[in-house]
Each structure stands twice: as C-alpha cells, then as structure tokens.
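Trainee: This structure is in structure tokens; I'll ask about it shortly.
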Amino acid sequence: MSRLSVRKTYKLYIGGAFPRSESGRSYPVTSAKGDFLANASLASRKDARDAVVAARKAFAGWSGATPYNRGQILYRVAEMLEGRRAQFADELGGGKRAALERVDAAIDRLVWYAGWSDKIAALHGAANPVAGPYFNLSTPEPTGVVAIVAPADPLLGLVSVVAPVIVTGNTCVVVASEPAPLPAITLAEVLATSDLPGGVVNILTGRQAELAPWLSAHMDVNGLDLTGVADPDLALSCEQAAAENLKRVARPVEEDWSADPGIGRMTRFLETKTVWHPIGV
Amino acid sequence: MAIFEYAPAPESRDVVDLRSSYGLFVNGEFVEGSGKPFKTVNPATEETLAEVATATSDDVDRAVQAARKAFGVWSALPGSERAKYLFRIARIIQERARELAVLESLDNGKPIRESRDFDLPQVAAHFFYYAGWADKLEYAGFGMKPLGVAGQVIPWNFPLLMLAWKVAPALACGNTVVLKPAETTPLTALLFADICRQAELPPGVVNIVTGAGETGAAVVAHPDVDKVAFTGSTEVGRIIARTVAGTGKKLTLELGGKAANIVFEDAAIDQAVEGIVNGIFFNQGHVCCAGSRLLVQESIQDELLAALKRRVATLRVGDPLDKNTDVGAVNSAEQLAKIRRLSELGESEGAERWSPACELPERGFWFPPTLFTGVAQSHTIAREEVFGPVLSVLTFRTPAEAVEKANNTPYGLSAGVWTEKGSRILWMAERLRAGVVWANTFNKFDPASPFGGYKESGFGREGGLHGLEAYLDV
Amino acid sequence: MTTSLADVASSDAALRAFLHGLPGVDRVGADQRAAMLGTRSIKTTAKAQAIDLAISMVDLTTLEGADTAGKVRAICAKAVRPGGGAPSVAAVCVYPDLVAVAAEALAGTPIKIASVATAFPSGRSTLDVKVAETERAVADGAHEIDMVIDRGAFLSGRYKKVYDEITAVKAACGDAHLKVILETGELATYDNVRRASWLAMLAGADFIKTSTGKVSPAATPPVTLIMLEAVRDFRSTTGRQVGVKPAGGIRTTKDAIKNLVLVNETAGDDWLTPEWFRLGASSLLNDLLMQREKLATGRYAGPDYFTLD
C-alpha cells in the first residue's frame, strides 16, 4: 500500500522567516515535462519591500562580521547543501546524474566563494604610496543591499549570483528563477539552518516583471544585479529606474555557470574606501 | 587698521597669451564650431576673456569619429610608447605651469596660490602617475583591453585637474577621448590641446569639444562612445545614468557630496580648525568632497567655534591673482545665486548665520566665508550640497551619534574625523559610508590614491590602481 | 592666574594631568599651516614696514666662548645705530660676565640688555648656582634674563622640577623680565613644545623662547607657530599676555618676515611689537639692512657697505 506523501508548502524567505506572500497569491510550478510540482508563492511588491527592510536590517551585522566568520558561514551552507544532495537533485529533475552534478557544482561554488571572504580585500585593496607624510589605505567594502534577479538555472545559477554578493558583506533580495523557483526555497531552508543571520539573503518567488521594477526603483537598494532578466525592455526600464539613486547595476548577461567565475561578481558590488592619516610624532 | 597690512601682490597676467576666440580641438586641429559661440568671463571682474566655439551634435560626431579612427593607432601602440607620450605631456605641463595656473585662476576665479600650489602640481603628477601604468597594465589585474572611445564631461571647479583625472588614465589604458570641459571654464582645456600638439600626440587621440549641457549630452549619447565618465552634480549624473542605460557603455560617475567633518573633544584643536577651514573654504567651497557639515562634540562646541571664527576672520578674500588671497571668486553668477538662495533658506529655517567682516569687490561674483550655527539635520543647508563657502555646524554627543548623523545623507563621498585616539579613528573610519575618509586631515589628494563615492556620490574610482578599472574592458 | 591653574602646579602628577590634557598637536598639520603661511608674498610697502618692524624686534646676540668686552661694545654700537637710518634694535643679548660691559655701552639708550643665565646653554647646574647667576646678571644691569629649562627633567616627566626652577629664577629676576628658553630642538615633539610653553607660562615666564641657538633644529616656523598659539590661548584663559622669541637659525629677511606673518595670522596685532615679540639673531640684522637699502634705492646691495661687528 503506497503512502500518501506529505507535501511541502513553498513560501517566501524574508528576514530568516518563511512567510506566505502578503498578497495571498501563488502560482503553479511544473516540471520540464509539464507535470504539476507545487504552488509557489507569488510575491508582491509589498513582499519585495519587506524583503528590502529585512536586508537593510541585517546589513550592519553581516557587513560588520569578520570575514573569517562570513567564510565559515558560507562553508556551513555548503555543508548543509551537501547533506541534502539527493533532495536537491530530485528537485532539479531531469537525469539524476546530471542533476547531481549540478548540485555538486553548486556546493563546490559555495566552498570556492567561502574561501574568498578573507582574501578579496588583499587583492582589491591597496596601500597607496602618496607623495606626502600620510598613511593611505584603500579597502573594499560591501555596497549595501543588492537586489538580484537570479538566472534561470535554478540552483547553480542562483548560488553563483548570491554567494559572491554576500561573501563580501552585502545583503540581498533575490528574485528566484521564475519557472523553476522551488530549489531556491529549499535552498532557503539550508540557509536558515546554516548560521546565516536572517535577512542576509531574502528570496522571493514570482514574476520578474512584477518584482524587478519595484526593486530597481527602491531608494534603499544600493545595487542591482539583472543577470537573470531575459527581456531587454524590462532590463532597460530597470536600469533606468536604478539611476534614480545611482545604484550599481550589473547588466543582464548569458553566463556559462560551469565556467570559472572569476572575481568580477564580487568586485561589482564592492565600494573602495580610502583612509588617510598623517604620519608624524 | 591692522598693524601689518600686506600690500597687493598680484601675479602677472602677461604669461598668458589670451586669444579673442577659440575653436574646437578635433583630430589634432583647431576647428570652428557649428553652434553659436559663447563667452567665457573672469568671475572676479566679469570681464570677457574670450569667445569659445559651441560644438553641435554634428561637431561631436566628427570628434567621436576622429577618436574612433585614432583608437586603432593608439591602442595598437606598445604601452611603453603611450607612456612616453604621457610623460612628455606631464613635462610640458610642468614647463608651462605658471601660464596654466594664471589662466586657471582667470577663468575659474580660484586663488593663484591654489592653482599654483595645488592644481598644477597635481595635474602634472597625475599624468606622470598614469604614464607609468601604460606599459604595466598586465600587472594591474584588470586585463589589458581598452574600451575604445571615452566620452568625458568635466566640471568647472578644478578644470584642468579634472581633465587630468579623466584623460591620463584613459590614454594610459589605450583609449582615445572626446572631452567636454565646463561651459564656464573651457580655457585651460584648450591650452591643454596645444600641449597635446607640442607633445606630438597622434591626431584624434584627444579631442576637446566646448559648449554647454547640450554638447555634453551629445557626447554622452553618441552611439559610438564606449565609455562615459562624468564628474559633476548628482542631478546630471542621474540623467546620464538613465541615458546610458541599456547601451552597454561603461559608466563612471563622480558626483556630489555633503561630507561630515567630525571633531571629537580630544582633537588636536588648532589642526582641526585648519582642517575645517581647508575643508570648506578651499576653492571657495566648490569641492564635491568639501567638509560642508561640521559635526562637533557638544563638550567643545563653544571653544571650537570661537577658535574657528577667529581663524575664519583671518581669511583673505579677494583678487584671485593676488598671491596672498585665500578665498577667490565664485565661479559664476548662476552658482552665486544658488549659494545665496541656500544661505537665505538657512536663515529662514532658523540657523544662525555668521561671516567675518570682509570687504568684497564690487564687480564679479563674490560670497563671504559663512558659518551657520544651530543647524539641525532637517535644515536644507544640512542636506543639500551648497557648493560654496558655507559651513553648517551641527553637534553630537557620542561616537555612535556622530556616525549616524554623518551617514544620514544620500551622499557618500568623503568624511573627516578628528581625534587623537587611534582606535576611535579606525572605528569611525570603518563605519562611515564614504569613499574617502580623512582622519586628522582633510581635502588631501594624490594620483596614487583612489577617489570616489558611495551611494548617490557616484560609482567608480579615479586615481591609483583602482582608477585603471574604469578604462579597461574587465 | 586663576585658582584652578595655580593648583595644577602642586605636584608632578597634577602638572602631568594638566599638560597632557592640553589639545594635541598634529605634526603634519602644523607643518603645513606654517608652510602655507610661508608662501605669503610680502612686497613693496608691506616689506618696508616689515623690515623696520623686524629690526626693532631684534635681540642682537653674541654668545660665543670667544666673546670679549670689545666684541660686546661693537654689537652695542650696532644695536644703537644699525645704519642707514634704520631703527635701533630691541636689545642686545650677551653672557652674564659681559652684562656690565653692555650696560656701560648702552647707558642712556632705550636698548635693553638681555643676559642668558642658568648655566646656558645646557642648564646642567644646580639651582643655587642658577639663581646666583641670575641675581648677579640683574645686579650688573640686565633688564631681561634668558634662562633655559631643564630638558632632562622635562623629558623624564619631572615637570614640578622644571616649574620650581622657573619660579625660583623668576624670583631672582626681581623687576627684570624672564624669557624661558624651551630648547625645542631637544623636546622632540610638538606636543612637548606646547606643554613646555604652558609649563613656562604657568611658572611665570614673561616670554617663551624657542632655542639657545646651540642646538639644531632651532626656531623652525612650526615651532614658533605652536608657541604663538600657546601664548594666544594662555591669554584667553588667564588674561595674562606672554611674549614669544624665536631664536636660532633666523638669518634672512625672508625668515624674519615669515615670523612676522606667523605672528600676524596667529596671535595677531597685540603681539606685533618689540614688547611682545623678539627675534634672537646676529647675522640677520645685516640682511635686513641690505634689503632695506634695496627697497630705498632700487638696487641690490653689497655686503661691503654694511658693517661687520
């Protein structure tokens, strides 16, 4: 006799909690073959607003944590993900082997970025030899709250855009892959159990076209990663809206997520702070 | 009458050979502009210095085409050859420093002491610095591929220095440029064009188009421009960011600021006073990173303000060409009107206004050094960039309150901290959301040191290793 | 002096608490301020005025082991009539054993006699000797005593000893004015220059003086700047005005004018008189005279036309 399974309700991930959309809406998510998988929350602009508030609230603590600590937590995320390989592979669907490879790649990517936490400043900072009696040091600092429109690739793509943003101390609001949002919410469960402070990563599921413009125009968002925006008109209007408070914008890009990511995704959302001090007795 | 009066000590204008009219510099030649020429005036006297061509969008197009054509040649040169051109330019700037300094003060209104001792040495140093990078890009970590044609629009506060900040790294990285100087201060850029000719820079590598906002907009919007660099107001920066959206052009913006200059009770008071004065009255306060908000710890408010007023009263306001002038003329009637409007707002909103007794010349655009005390965060003068010699004084009680007030602005360009306690400096520096933090000093610049803002003060860095990133296809 | 400031001299600890509670001095900032004031361009009428003012502020000095009565008489003659119609200088400054010679040479003139004392220049003698030397110099006719502080005591934090020596010498001066030499070249930091200035003023100095002239660096512009700030602040705290005397290394008219600019833009008009500002110098005087001549005639002057004394 087969047992009737207990299904999971896929909710949003905001401020470390899993609320339903305040709008009460959801949308059906199907497999590649068209089979019904689950109803995902259809986030509203108000959910996006709440997510930004949560991200801002988390920023001081997360950016103020030691890089070592951030690296440990990202590594912890990888550990937790490793423990749920099968679940993620299952959720990704398609061939099991290929799915496992994607999950493994996502885990490895997290490990790779985790190690950057206490090294990026050494590469992207500088001791500046100025022509005067001054100590002059430039260090990278996180930009602030970054809104990310995640690419279609539901797990590896997602991890590849989120990890570089948060490892340096930013917090983020992510719009998950619209057609395949479920792994993002399952990833949220991993994040919630990985010592990652609530609000550092906030995940919305729903329509890009509905959420991205609000995030792009939000005056308390400092950076905007449009990687996952496929519609050029939407990307244009988002970038234009982002000009209002001079957000740092990463334009949409087709990327091979299995390739070496380089450090560009980290440095894009870093500010450089230069501190001067006289040298004297 | 003071016991010891300094006699007038004017720098001679003879070193400058002003022409009555100037054209555009396109493809290595001076050419006529198609638009209606405009006059550039000496803001200290309102005397017309010269008539300058206006570049229309057609003229801009010719300049971009020239730059595009030159890009092939220039980017193909070995870095070591590009370096030598830049070294040549740096040397010629040094050789003609006095001429450039006098012209800068004439066109801009800034004191000759500053153009001579600050602007010009910095300009030459900037070219020297980036000349050295041209053949070392492979070690910089941003790749070695130039972007193409850079469209650059610069402000009137440091006309030649902003040109140097834009042109030197662009050329070092193998780009060619179309540069638009500010409408009120085009003359040193046009003299720089002559320096490019003396250096035998290949035609089209540097093109200079003069005009007002429309000319700048044409540069920014030109479809064959690969990179836009702008220094100026946040308002215009926003428009440019919107224009560039969706085009694939790389963009760097260096915009406004409303820097907090934070003085703790244990500060070296005399140097702090100097830093406050230098922070807000340097270059008539026409400085995007000016320390326009003084945050003083309440325990020393009275003592510090007394010292500050005593010091401000010694500032010598007047003829920019007098070697003893500390504060020169406001750059334009328009800017003067803005400073007046915001100052009147400061008074009407309830802040207390103070200026030392000082006689201002009758002609020209002048504004006395001004302090506003009793300013609250909610006052307009504490929030809007005045871009003039106007300081708002606010108070705080604890370090945390100082940080909170300092960061409570959409800008994030610079900040100052004055305390003799080392750990507090670093604690403050860590928390201030600003691209440059001057601790126990203010308004210091160096070609080797990256400069640029957080938040609405723009993005991208100029100067140092970081400055290369803006001009390479990373 | 207010009561609160009188109390600060009760012990080394009290003095340390007070002196170390003074605002710090940032070396780079102070150097830059002094350098900027050094760029002031003083020309034509202002220069003529500055030269005469500087001459009137000179403490014409000879402090050599080889000094003799003849040498002292010569500088006294120069002090009275520097030449070319220039004003006389403020004072001559000599060793204690030559005070009597100077007193005789300058009798009937307004020129003051300053004598270094207190085991100048090192100050390494006992207090009774220093006091006796001071009393003798005053008895021989010195109007002003230039004493040195005990830098060893200062640098080792024995501020009370420095203070007590100054008060003892001040008492020995009677009506003579006391200039306290800080020997800033040995104090190592600008913070110490400020503290030593205040210490000397608290102890009753009428003037604070930079240097003996026997140690390098001597009267650098930033040091003079800091001492001018000290007298300015001391007056606003206590109401008592104290003079400043840079000495050592001031050799050219340009150096002298830079000093006047420092006074003008730091302490202000009240100090721009020989009563409150002096320039300790020897060769400076001839350079001032030569520049004076240049302004008067429009020609550059030659040294053969100015007396070597």
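Quick note: the coordinates plus some simple rules give every number you see, no bench work behind them. All of these numbers come straight from a predicted model, not from anything done at the bench. Cβ atoms come from the backbone with ideal geometry, glycine included; neighbour counts cover every protein chain shown.
Trainee: Roughly what angle does helix B:57-76 make with the longest principal axis of chain B, taking Cα atoms, 0 to 90 degrees, to the nearest 10?
Mentor: 70
Trainee: Averaged across the residues of A:238-248, what count of C-beta atoms belonging to other chains lies within 10 Å of each residue's C-beta?
Mentor: The mean count of partner-chain Cβ atoms within 10 Å per residue comes to 6.
Trainee: A further question on this structure: What is the mean projected area of the alpha carbon convex hull for the range A:70-228, to one decimal in square nanometres?
Mentor: 10.6
Trainee: Give me the number: length gained by fully extending C:Ser122 to C:Arg251, i.e. 0.36 nm times residue separation minus the C-alpha to C-alpha distance, one decimal in nm.
Mentor: 44.1 nm
Trainee: Pull out the extension gain between A:Ser2 and A:Ala98, defined as 0.36 nm times the separation in residues minus the alpha carbon to alpha carbon distance; nm, one decimal.
Mentor: 31.7 nm
Trainee: Could I ask something else about it? Please express the shape of chain A as an equivalent ellipsoid: the semi-axes are the square roots of 5 times the eigenvalues of the C-alpha gyration tensor, given largest first in whole angstrom.
Mentor: Gyration-tensor ellipsoid for chain A: 34, 21, 17 Å.
Trainee: Could you tell me, in Å, what Rg and Dmax come out for the Cα atoms of the range A:50-109?
Mentor: Using the Cα atoms of the range A:50-109, the pair Rg, Dmax is 15.3, 42 Å.
Trainee: Give the whole-number value, in cubic angstrom per residue, of the convex hull volume spanned by the C-alpha atoms of the range B:347-443.
Mentor: So the per-residue Cα hull volume is 134 Å³.
Trainee: Tell me whether the range A:1-157 comes out rounded, prolate or oblate; compute the Cα gyration tensor, take square roots of the eigenvalues as a ≥ b ≥ c, and use a/c under 1.5 as the rounded threshold.
Mentor: prolate
Trainee: Which whole number in µm²/s is D for the range B:190-264 by Stokes-Einstein, with the Kirkwood Rh taken over Cα pairs at 25 °C and 0.890 mPa s?
Mentor: 166
Trainee: Summarise the partner chain shielding of B:459-466 as one whole number: the mean count of Cβ atoms from other chains within 10 Å of each residue's Cβ.
Mentor: Across B:459-466, the average partner-chain Cβ count within 10 Å equals 5.
Trainee: B:Leu49's amide H: which non-local residues (gap 5+, or another chain) put their own amide H closer than 5 Å, with H modeled 1.01 Å from N in plane and none for Pro or chain starts?
Mentor: So B:Leu49 has HN proximity to B:Thr40, B:Val41, B:Asn42.
Trainee: Also, I was wondering about something else. Run through the range A:1-101 and list the trypsin sites (Lys or Arg not before Pro) located in a DSSP loop whose Cβ has at most 16 other Cβ atoms within 10 Å.
Mentor: Taking the range A:1-101 and a limit of 16 other Cβ atoms within 10 Å, the loop trypsin sites (Lys or Arg not before Pro) found are A:Arg3, A:Arg7, A:Lys8, A:Arg20, A:Arg25, A:Lys33.
Trainee: What base-10 log of the normalised intensity I(q)/I(0) is obtained for the protein assembly as shown from the Debye formula, alpha carbons as equal point scatterers, at q = 0.05 Å⁻¹?
Mentor: -0.40
Trainee: Here is a further query. Using the Karplus equation 6.51 cos²θ - 1.76 cosθ + 1.60 (θ = phi - 60°), what ³J(HN,Hα) coupling, rounded to whole Hz, does each residue of the range B:344-353 give in order, writing x for Gly and Pro?
Mentor: Ordered by residue, 3J(HN,Hα) equals 5, 4, x, 5, 5, 7, x, 7, 9, 9 Hz.
Trainee: So what J values fall out for the range B:388-397 if you push phi through Karplus, 6.51 cos²θ - 1.76 cosθ + 1.60 with θ = phi - 60°, rounded to Hz, Gly and Pro as x?
Mentor: x, x, 10, 10, 9, 9, 10, 10, 8, 10
Trainee: Take the Cα coordinates of chain B, assign each an equal point scatterer, and use the Debye formula without solvent to give log10 I(q)/I(0) at q = 0.07, 0.09, 0.12 Å⁻¹.
Mentor: -0.35, -0.58, -1.03
Trainee: Okay, moving on. Could you compute the FRET efficiency for B:Ala313 and B:Ser80, with r as their C-beta to C-beta distance and R0 at 60 Å, rounded to 0.05?
Mentor: The calculated FRET efficiency here is 0.65.
Trainee: Shifting gears a bit: Using Stokes-Einstein with the Kirkwood hydrodynamic radius over Cα pairs, what translational diffusion coefficient do you get for the range A:147-281 at 4 °C and a viscosity of 1.567 mPa s, in µm²/s rounded to a whole number?
Mentor: 83
Trainee: Another question, then. Report the Cα centroid-to-centroid distance between the range A:65-92 and the range B:368-391 in angstrom, as an integer.
Mentor: Computed from Cα coordinates, the inter-centre distance equals 50 Å.
Trainee: To continue, here is another question. Roughly how many nanometres apart are two label points built 7 Å out from the Cα toward the Cβ at B:Asp135 and C:Ala132?
Mentor: Label at B:Asp135, label at C:Ala132, 7.5 nm between them.
Trainee: Let me ask you something else. What's the exposure ranking of C:Met36, A:Met80, going from fewest to most Cβ atoms within 10 Å?
Mentor: Arranged by neighbour count, lowest to highest, C:Met36, A:Met80 become C:Met36, A:Met80.
Trainee: I've got another one for you. I want to verify the translational diffusion coefficient of the range B:68-202 in µm²/s; compute it with Stokes-Einstein, Rh as the Kirkwood radius over Cα pairs, at 10 °C and 1.306 mPa s.
Mentor: Value of D from the Cα-based Kirkwood radius: 107 µm²/s.
Trainee: Counting only residues 5 or more places away or on other chains, whose amide H sits under 5 Å from the amide H of A:Ser26 once H atoms are built in the peptide plane?
Mentor: Residues meeting the amide H criterion: A:Leu42.
Trainee: With r as the distance between the Cβ atoms of A:Ala17 and A:Arg85 and R0 = 30 Å, compute the FRET efficiency 1/(1 + (r/R0)^6) and round to 0.05.
Mentor: So the FRET efficiency works out to roughly 0.70.
Trainee: Tell me, what is the FRET efficiency for C:Ser11 and B:Arg424 to the nearest 0.05, using R0 = 45 angstrom and their Cβ-Cβ distance as r?
Mentor: Result of the calculation: an efficiency of 0.90.
Trainee: Oh, and also: Show which aspartates and glutamates lie in cross-link reach of A:Lys11 when reach means a straight Cα distance below 18 angstrom and same-chain residues fewer than eight apart are skipped.
Mentor: A:Glu22, A:Asp47, A:Asp50, A:Glu91, A:Glu178, A:Glu189, A:Glu210
Trainee: Taking Cα atoms of the range A:76-136, Rg/Rh with Kirkwood Rh, to two decimals?
Mentor: In the range A:76-136, Rg relative to Rh is 1.39.
Trainee: Considering the Cα trace of the range A:203-281, what is its radius of gyration and what is Dmax, both in angstroms?
Mentor: 16.6, 61
Trainee: Also, I was wondering about something else. If the label point is 7 Å along Cα→Cβ of B:Ser57, which residues in the range B:19-50 have backbone nitrogen under 17 Å from it?
Mentor: Flagged as within label range: B:34-36.
Trainee: Moving on. Just to be sure I understand: with springs between alpha-carbon atoms less than 10 Å apart, which residue in C:Gly108, C:Gly248, C:Gly239 has the highest mean-square fluctuation in the Gaussian network model of chain C?
Mentor: Highest fluctuation of the listed residues: C:Gly108.
Trainee: Right, another one. In whole Å, what is the distance between the alpha-carbon centres of the range C:1-57 and the range B:147-187?
Mentor: A separation of 44 Å, based on Cα centres.
Trainee: Counting other beta carbons within 10 Å of each residue's own, what order do B:Thr409, C:Thr189, A:Thr66 fall into, fewest first?
Mentor: The fewest-first ordering by Cβ neighbours comes to A:Thr66, C:Thr189, B:Thr409.
Trainee: Additional query: Given contacts defined as C-alpha pairs under 8 Å and at least six residues apart, what's the relative contact order of the range B:260-439, whole-number percent?
Mentor: 29
Trainee: Let me ask you something else. Can you pull the percent of Cα pairs in the range C:3-305 with separation above 33 Å?
Mentor: Considering the range C:3-305, 20 percent of its Cα-Cα pairs are separated by more than 33 Å.
Trainee: Also, quick follow-up: Sorting C:His143, A:His218 on the 10 Å Cβ count, fewest up front, what's the list?
Mentor: Ascending number of Cβ neighbours within 10 Å: C:His143, A:His218.
Trainee: If you consider only alpha-carbon coordinates, what radius of gyration and Dmax does the range B:260-439 have, in Å?
Mentor: 15.6, 50
Trainee: Let me ask something else about it. Report relative contact order for chain B in percent, whole number only (criteria: Cα-Cα under 8 Å, sequence separation at least 6).
Mentor: 18
Trainee: In addition: So what is log10(I(q)/I(0)) for the range C:163-309 at q = 0.10, 0.11 1/Å, when the Debye sum runs over its Cα atoms only?
Mentor: -0.37, -0.45
Trainee: Quick one: 3J(HN,Hα) in Hz for the range B:112-123, Karplus 6.51/-1.76/1.60 with θ = phi - 60°, rounded, Gly and Pro as x.
Mentor: Once rounded to whole Hz, the list reads 4, 4, 6, 5, 6, 9, 10, 4, 5, x, 5, 4.
Trainee: From largest to smallest, what semi-axes in whole angstrom does the range B:256-366 give when each is the square root of 5 times an eigenvalue of its alpha carbon gyration tensor?
Mentor: Computed over the range B:256-366, the values are 24, 17, 14 Å.
Trainee: Mind listing the long-range amide H neighbours of A:Val173? Cut-off is under 5 Å, sequence gap 5 or more, other chains count too, H placed in the peptide plane at 1.01 Å from N.
Mentor: When sequence neighbours closer than 5 places are left aside, the close amide H contacts are A:Val146, A:Ala147, A:Ile148, A:Asn202.
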